[in-house]
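First the structure, in the form of structure tokens, and then the observations on it.
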Amino acid sequence: MAQVKEFFLPDDLYYDRKEHIWGRIEADGVRAGLDAFGACAAGTFAYIKLLPKGRQVQKGRPFGSMEAGKYVGPLKAPVSGTIVEHNQEVLDNPRLANTDHYDHGWFVVIAPSNLDADLADLAHGGGVLPWLAAEVKEYEEGGKLKPQEERECA
Amino acid sequence: MRVRLLDLGSVPYVESQTIYHGVAYAMTDASPNTISLMSPESPYVSIGFHQQLEKEIDLDYCAKRGLPVLRREVGGGAVYLDRGQLFMHFIFHREDLPRKVEDLYKLFIRPIVDTYRGFGIAAEHRPLNDIVVGSRKIGGTGIASIGQAMVVAGSVMFDFDAETMSQALKVSSEKMRDKVYQSLQDYMTTMTRELGAPPPRDEVRAALVANLGKSLGVELEPGALTAEERKTIRGLNRRFASSRWLHQKGGLSRRGITIKGGLTVVEAEHKAPGGLIRVTARLKDGDIDDLSISGDFTFHPAPLLGHLERSLRGQRLDAQGLAAAIREFYAVTGVQAPGVAPEDFANALVLLRENQPA
């Protein structure tokens, strides 16, 4: 696992370094959600909209959108493929994306079409901790993230 | 860091939305960070990205007034916009801005606050994203990630038409509309209201540009839209005008209306044995700030209903506390309300909590 300050990122997942979307490889496809750092930056989720099941998505293109803490943004696919599952629980209770990032707070499952190539540039395993540490350091030192004692994140 | 300034003056109403979206969508790694300033040539209504048009807007009223409606890709609620506001947008590379939303708002709001202060208006930033003068809000702001860009949108308020705003919103009753209008009157302000007359527009714009440069620590470079940006904007003009874009199903439930941070107007209903109770309230930090009670129940003598409404101001939305206060009111006044127990009023009021905007 990778833990930097309050941010916990399981290192068995794959992470889009820019979007902070995680992917977990499962039998039916790649389950995707937002990691702890991304959720902290976005603020409290108020609404989540997801593309319908059966829709094809491209890696780096939106599979949905979210509204949180006076902010709206796309949710971008970590891999290309077809959306095969939605998380109705997170649609009904968007705050799960803030409080239960890696379990009940997931968004979609994507049946991948080009998995090996798509995973190549995602952070994984031993690469997660140094990336996360650098990310937190960069944002804190650059004044882009408040000091830990002033942050209010799950 | 280079920052391009697009000082565009008055633009067609559609483009007052599509220009900043277009600059964001056309952004590449080589694009400069951009700040745009503009006002719409004619009035319109804008709804938030995730809102459902039919639920939020009185379309008959807008049609009668000839008021077009546009869906933006920035969040928040429906708002009436016209030449009384000077729109400002940051369209920046994400890596050049603070990561946390609240820090982004600080950066964006500071030059607006400094500009108001320069004209003698005691504005301040009230987190998360309000600018206030005392208890009154003077402009709102919103953030969206669009294309490669992070966009922060806000305005300088020369003037604001609360009457048209309250008419354009779809509300569940005229009482609710009255309360929205009154709350906008009571809790919104503008430069015109603060100063007694609108200040010269050019002077305000010049002050804002100077404050932007100072706040960001850069010299703003006056610039123009590129050919690629213009092409993107033309495409967005068509998309934003399409019925499919406007009528897409949203789902962000806003059964109440936010006037400013911590201040909402909300309505709720409860069916008591003696009739329907409808409560329309302004809530301040979740407590009752102002209240109207209506319905088809009997309350005798009727003038006491107004007394009950006033006696509940300042109350928390707590079922037990409310029921106790209303029981006491019944006992002291001897009011007759067949089939409507104090607990029925309390139940209606507690429902307000659930109906507050997200």
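Treating cross-link reach as a plain straight distance, find the aspartates and glutamates whose alpha-carbon is under 16 Å from the alpha-carbon of A:K5, omitting any fewer than eight places away in the same chain.
Result set, ordered by chain and number: A:D35, A:E135, A:E138, A:E140, A:E141, A:E149, A:E150, A:E152.
Where nothing but the Cβ of Lys and Arg (+1) and of Asp and Glu (-1) is charged, how large is the charge dipole of the range B:201-358 around its Cα centre, in debye to the nearest 20?
With Lys and Arg at +1 and Asp and Glu at -1, about 800 debye.
B:S172 to B:D29: extension gain in nm, 0.36 nm per residue of separation minus the Cα-Cα distance?
That works out to 46.8 nm of additional length.
Of B:F345, B:F49, which has the most accessible area with a 1.4 Å probe, and how do the rest follow in descending order?
Sorted by accessible area, descending: B:F49, B:F345.
Give the list, by residue number, of cysteines in the protein assembly as shown with no other Cys Cβ closer than 4.7 Å, or say none.
Those would be B:C62, since no other cysteine Cβ in the protein assembly as shown comes under 4.7 Å of theirs.
Average projected area of the Cα convex hull of the range A:1-57, in nm²?
So the mean shadow area of the Cα hull is 5.0 nm².
Mind putting a number on the dipole of the protein assembly as shown about its Cα centre? Charges go on the C-beta only, +1 for Lys and Arg and -1 for Asp and Glu, and I need it in Debye to the nearest 20.
1100 debye
Determine how large the accessible area of B:D318 is when every protein chain is in place; take a 1.4 Å probe and give Å² rounded to the nearest 10.
Spelled out: B:D318, probe radius 1.4 Å, area about 70 Å².
Rounded to the nearest 10 degrees, what's the angle between the helix B:101-118 long axis and the longest principal axis of chain B, both from Cα atoms, 0 to 90?
80 degrees
Leaving ligands and nucleic acids out of the surface, order A:D118, B:D7, B:D289 by accessible area at 1.4 Å, largest first.
B:D7, B:D289, A:D118
What list of ³J(HN,Hα) values in whole Hz, one per residue of the range B:142-156 in order, does the Karplus curve 6.51 cos²θ - 1.76 cosθ + 1.60 (θ = phi - 60°) give from phi, with Gly and Pro shown as x?
x, 10, 9, 9, 10, x, 7, 9, 9, 10, 10, 10, x, 7, 9
What is the distance in Å between the Cα centroid of the range B:268-309 and that of the range B:65-108?
Using only Cα atoms, the two centres lie 36 Å from each other.
Would you list which lysines come within 27 Å of A:K53, measuring only between C-alpha atoms, while excluding same-chain residues fewer than 8 positions from it?
Excluding near neighbours in sequence, the set is A:K18, A:K76, B:K55, B:K249.
Out of the DSSP beta bridges found with both residues in the protein assembly as shown, what percent are antiparallel (nearest 5)?
Close to 85 percent.
Does anything in the range A:19-63 have its amide N under 12 Å from the 7 Å Cα→Cβ label point of A:T99, and if so which residues?
Hits in the range A:19-63 for A:T99 at 12 Å: A:45.
Given the whole protein assembly as supplied and a 1.4 Å probe, what does the accessible area of B:R327 come to in Å², nearest 10?
Around 120 Å² of this residue is reachable by solvent.
Which three lengths, in whole Å and largest first, does chain B cover when its Cα atoms are put on their principal axes?
If we take the Cα atoms of chain B, the spans are 73, 44, 37 Å.
So if I place +1 on the C-beta of Lys and Arg and -1 on the C-beta of Asp and Glu, and nothing else carries charge, what would the dipole magnitude of the range A:2-148 be about its Cα centre? I want it in debye, nearest 20.
Here the size comes out at about 540 debye.
Toward the positive end of the charge dipole of the range A:1-61, about the Cα centre and with charges on Cβ (Lys, Arg +1; Asp, Glu -1), which of A:L34, A:G23, A:Q58 goes farthest?
So the residue we want is A:Q58.
Each residue of the range B:287-304 in turn: what ³J(HN,Hα) in whole Hz from Karplus with 6.51, -1.76, 1.60 and θ = phi - 60°, glycine and Pro shown as x?
9, 6, 9, 7, 8, 10, 10, 9, x, 10, 8, 9, 9, 10, x, 4, x, 5
Provide the buried accessible surface between chains A and B in square angstrom, both chains summed, 1.4 Å probe, rounded to the nearest 100.
Approximately 2300 Å², summed over both chains.
Calculate for chain B the 222 nm mean residue ellipticity that helices alone would give, adding -39,500 (n - 2.57) per DSSP H run of length 4 or more and normalising by residue count, nearest 500 deg cm²/dmol.
Rounded to the nearest 500, the figure is -11500 deg cm²/dmol.
Where in the range A:61-78 does accessible area fall by at least 40 Å² between the isolated chain and the complete protein assembly, at a 1.4 Å probe radius?
A:E67, A:K70, A:Y71, A:V72
Along the charge dipole of the range A:69-109, pointing to its positive end and built from +1/-1 on Cβ of Lys, Arg, Asp and Glu, which listed residue (A:G73, A:F107, A:N87) has its Cα farthest out?
So the residue we want is A:G73.
Please work out the ratio of the alpha-carbon Rg of the protein assembly as shown to 2.2 N^0.38 Å and round it to two decimals.
1.04
Can you list the residues of the range B:12-31 with backbone N under 17 Å from a point 7 Å past the Cα of B:T226, pointing along Cα to Cβ?
Label zone hits: B:19-31.
If you bin the C-alpha pair distances of the range B:177-241 every 5 Å from 0, what whole percents do you get?
It works out to 3, 12, 10, 11, 11, 15, 19, 13, 6, 1, in whole percents.
Taking 7 Å along the Cα-to-C-beta vector as the label spot, tell me the A:K18-B:Q248 distance in nanometres, rounded to one decimal.
Here the modelled spin labels are 2.0 nm apart.
Mind checking the angle between helix A:128-141 and chain A's longest principal axis? C-alpha axes, 0 to 90 degrees, to the nearest 10.
50 degrees
For the protein assembly as shown, what does the accessible surface come to per residue with a 1.4 Å probe? Please give it in Å².
Per residue, the protein assembly as shown has 41 Å² of solvent-accessible surface.
Enter the mean number of other protein chain beta carbons within 10 Å of the beta carbon of each residue in A:38-48, as an integer.
4
Packing-wise, with mean Cβ within 10 Å as the measure, how do B:136-148, B:180-192 rank, highest first?
Averaged packing, sorted descending, gives the order B:136-148, B:180-192.
Just to be sure I understand the interface: list residues from the range A:107-153 that lose 30 Å² or more of accessible area between the chain on its own and the complete protein assembly, 1.4 Å probe.
Buried by the other chains: A:Y139, A:K144, A:K146.
Over the alpha-carbon set of the range A:2-148, divide Rg by the Kirkwood Rh and report the Rg/Rh ratio to two decimals.
Expressed as Rg/Rh, it is 0.95.
Of the accessible area of the range B:220-321, with the probe set at 1.4 angstrom, what percent is carbon plus sulfur?
With neighbouring chains kept in place, the figure for the range B:220-321 is 49 percent.
The values are calculated or read from the model by the stated rules, or taken from the named source; none is laboratory data. As the structure is a computational prediction, the values presented were derived from the model and not from experiment. So basically every Cβ, Gly included, is an ideal-geometry build from the backbone, and we count neighbours across all protein chains shown. We work out accessible area using only protein heavy atoms, side chains counted, and drop any ligands, DNA or RNA first. Shrake-Rupley method; radii C 1.70, N 1.55, O 1.52, S 1.80 Å.
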